[in-house]
Amino acid sequence: MSDDHLEQPDDENHMPEAHPFSGYLRQFFRGPGRSRSLTRDEAFDAFSMVLRDEVDPIQLGAYLLMLRYRGETPDELAGMIEAVRTIARLEPDESDVPAACHPMLDWPSYAAGRTRGLPWFVLSALLLAQNKVPVLMHGYNSHLIKGVGTEAAFKALKLPIAMSAEEARSDIERHGIAYLPLRHIHPKLQELIGLRPLLGLRSPVNTLLRLLNPLQAKAAFLGVFHPAFLDVHRETGKLLALPRIGVIKGGGGEAERTPYKHVDLRLLDNGVLSDLRWPAALARSEKPEDDAPLPKWSILWACGAARSKIWMPLPRSRAVLPWRLIWRAGPIISTKPKVWSKDGGQTAKSNVSVKSARPAPGYSDK
């Protein structure tokens, strides 16, 4: 029997031209002793190709999973973040942006895949905004088994959802706070973070988004799930010349402290790294039921009941760490803000809570 039908045509004897993205994969997969991480410039070029849809799906999966398996380096993250900022046009001429549109604090919210109660940290951000600390929250919450996403919380509080970075600046000017969904930062980012069910785990995109700081706030409050990423975030922030960031280990990777136990805060302050341990802000006996439905939760805040002696410690205790980031981010605040006292009234203080704003003994940020 002839096997002529299996012969390879002459025009297939030529080696096909290598895909432009294959060179970056080659650096990863060369084998022991030969593979290496990407440089910052290489990571910028590679992720720019991803954002421009110039990469085959097979290449994209290999790229994301290898970075996840090996662990992304600060240089790689910095290059990828710079690619997003460039492609998404997140670096406008600051001289054209009114001062009232600038956020003081960037508070990303990308927690996923966990059960959580009410988003008290959103009320913490709103509390800061009401005390003359403009806040930008941005993010996407997926795979919440039980709980409330950040965008849903903003809608329940009758706060607008920004459709672009420009709208977010306008919302900050009007309300002192804004929420910018990931899909409106760049649709490709939403697509990439949505690959988790297909890949089976988070990708480096989940990491870089926390450091994106889309409106260039002077300080950022970040939460991570895996402790190994605490220092990676700080080192990446240092490469990006971010003025001041604080990183904590939060449930599901949310930048939200549990007020019933101590929390370690990793700081980056104008290139200087330091650590702080903050004591528990509340006794466990003070923990109220956290199963109120979202409509009731938002109504309590709107009518002032959430600022009562029972409920106010919850958002206030979660606001202490980002509050401190702002006070140390530079000469931003010119007046002492008003904060809600335990009895539900207003009082002038130099900090959110004297008791809970004090670090644990023996720790210093110098």
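We did not get these values from a lab; they are worked out from the coordinates using the rules stated. Keep in mind the model is a prediction, meaning the values are calculated, not measured. A quick note on method: Cβ atoms are made from the backbone with ideal geometry, for glycine too, and the neighbour counts reach across all protein chains shown.
Given the pairs K155/K261; K218/K249; K132/K155; K158/K238, which span a C-alpha to C-alpha distance of over 28 angstrom in this model?
K155/K261; K158/K238
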**Report entry** Calculated from backbone phi, Karplus (6.51, -1.76, 1.60) coupling profile of the stretch 213-223 in Hz, x at Gly/Pro
**Finding:** 6, x, 10, 6, 5, 6, 9, 9, 10, 10, x
Query raised in the report: R0 = 35 Å: FRET efficiency of R89 with R277, Cβ-based, nearest 0.05?
Result: 0.30
Requested in this report: Please sort by residue number the trypsin sites (Lys or Arg not before Pro) in the stretch 130-190 whose DSSP state is loop and whose Cβ has at most 15 other Cβ atoms within 10 Å.
Outcome: K158
Report summary line: Cα-based Rg then Dmax for the stretch 196-252, in Å, read 11.9, 36
